[in-house]
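Comments concern the structure below.
The values are calculated or read from the model by the stated rules, or taken from the named source; none is laboratory data. Because the structure is a prediction, the values reported are computed rather than measured. Virtual Cβ from ideal backbone geometry, glycine too; neighbours counted across all protein chains shown.
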Amino acid sequence: MMTSPLLVVKNLKTYFFTNEVVVKAVDGIDFELAKGGALGIVGESGSGKSVTSLSIIGLVHSPGRVVDGKIIFEGRNLLDLSEAELQRIRGKEIAMVFQEPMTSLNPVFTIGNQISEALIIHQKMSKKEAQERAVELLNMVGIPDAQKRVNDYPHQLSGGMRQRVMIAMAVSCNPKLLIADEPTTALDVTIQRQILDLLRRISEEFGTAIMLITHNLGIIAEFVNQVAVMYLGKIVEYTDTVTLFANPSHPYTIGLLESMPRLDVSRKRLKTIPGTVPPPEEVPSGCAFHPRCEFRKEVCQQKTPSLFTVGDGHKVACWKVVDYDE
């Protein structure tokens, strides 16, 4: 029997309004995440990955706002909820691990106090119970001497330890969805591995669905089962992980994969994607990727492609895949 997905995002549009221009940070994207599943959202900086996650948890601040679409979480459209209703969901049912823990943790409170806050609010624990639970959570995420560390301040911990604290805070209320925004950025590869193993263990033990936002395709390859590739606010390829690596179809996805070093392929030089991601207020006409694409045709400059189905659950926004006749 088919189960309904935990999260369904339909035609999500999040724009930022300035005096000069409207920046379409997220411009009409669709995706689903199954209960207990793992979805990766990948793309270069400026593609709209983080704004997508902030839109889901209702933390897009002025001058930005969600202007269209639906975010269905367990049958409820989060965009129809009041801020008070969102606050009851945020942290309890949907939690987030932010990109830079040093700026996400409050420097003037101990990590024990910061973990306890969610437990007191959402689980109605006493301060003593919450502090004891905070020690258990620090032990769970692999922080040594947790009984002592619970009284430390963020600056007393290493980057990897702070990220573990963020994960402990995020899973403290056993959320159904955990959004991890570049959770391994600025960490060395050994610590990256430990953090990813920790997220995998949490997902397996508690059935938590994970949305992983990253620019690292190596992480995508081993951690998630579905992938959405984003470029300038749009999803340009959406498929399962095996298909993405075996049969990438969008020129942008192909470029990302060919720019990665591989042990099984001998290359003198890595390929690069020419040019850079333009500012979001200067999105090209037609397909936004066409100025950097070696396969571009005239139609690519004139018409924006929709997501075409090219296989079972495999969708690509590219005129090349449908052999468009100009």
Next on the checklist: Among the residues of region 190-233, what is the count of those that are assigned to a helix (DSSP H, G or I), over 28 Å from Phe16 (Cβ atoms) and of a type outside the set (Val, Ile, Thr)?
Outcome noted: 17
Item to check | region 81-109 - residue that is of a type in the set (Val, Ile, Thr) and part of a helix (DSSP H, G or I) and, of those, surrounded by the most Cβ atoms within 10 Å (Cβ to Cβ) | outcome: Ile89
Next on the checklist: For the list (1) surrounded by 14 or more Cβ atoms within 10 Å (Cβ to Cβ); (2) without any contact (Cβ under 8 Å) to a residue 60 or more places away in the chain; (3) under 26 Å from Thr309 (Cα atoms), I need the number of the one condition that Tyr15 fails.
Outcome noted: (3)
Item to check | Matching option when the condition is buried (at least 18 other Cβ atoms within 10 Å of the Cβ), closer than 14 Å to Gly233 by Cα and among the small types (Gly, Ala, Ser), among Gly112, Gly58, Gly43 | outcome: Gly43
Checklist entry - Can you tell me which residues in region 274-316 are within 22 Å of His215 (Cβ to Cβ), touching a Phe, Trp or Tyr at 6+ places or on another chain (Cβ under 7 Å) and of a type in the set (A, V, I, L, M)? => result Ala288, Leu307, Val316
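Filter region 35-53 for residues that are farther than 23 Å from Phe308 by Cβ and either in a loop (DSSP other than H, G, I, E, B) or aliphatic (A, V, I, L, M) (or both) and give the result. Show your work before the answer.
To start, the set of residues in region 35-53 that are farther than 23 Å from Phe308 by Cβ comprises 35-38, 45-46, 50-51, 53.
Passing the criteria: Lys35, Gly36, Gly37, Ala38, Ser45, Gly46, Val51.
Which one is modelled with the highest pLDDT, of the residues in region 313-326 that are farther than 16 Å from Thr253 by Cα and either out of contact with any strand residue (DSSP E or B) (no Cβ under 9 Å at 6 or more places or on another chain) or surrounded by 18 or more Cβ atoms within 10 Å (Cβ to Cβ) (or both)?
Of region 313-326, the ones farther than 16 Å from Thr253 by Cα are 313, 322-326.
Going one step further and asking which of them are either out of contact with any strand residue (DSSP E or B) (no Cβ under 9 Å at 6 or more places or on another chain) or surrounded by 18 or more Cβ atoms within 10 Å (Cβ to Cβ) (or both), we end up with 323-326.
Details: Asp323: 70, Tyr324: 56, Asp325: 55, Glu326: 52.
For region 313-326, the residue satisfying everything is Asp323.
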Checklist entry - How many residues does region 45-87 hold that are farther than 20 Å from Ile210 by Cβ and touching a helix residue (DSSP H, G or I) at 6+ places or on another chain (Cβ under 8 Å)? => result 8
Item to check | Members of region 57-77 that are at pLDDT below 95 and either in contact with a Gly (Cβ under 8 Å, 6 or more places away or on another chain) or among the aliphatic types (A, V, I, L, M) (or both) | outcome: Ile57, Leu59, Val60
Checklist entry - Just for region 228-287: of the residues that are touching a residue at least 60 places away in the same chain (Cβ under 8 Å) and of a type in the set (D, E, K, R), which one is surrounded by the fewest Cβ atoms within 10 Å (Cβ to Cβ)? => result Glu281
Checklist entry - When you go through (1) under 26 Å from Val242 (Cα atoms); (2) touching a strand residue (DSSP E or B) at 6+ places or on another chain (Cβ under 8 Å); (3) of a type outside the set (A, V, I, L, M) one by one for Glu281, which number turns out not to apply? => result (1)
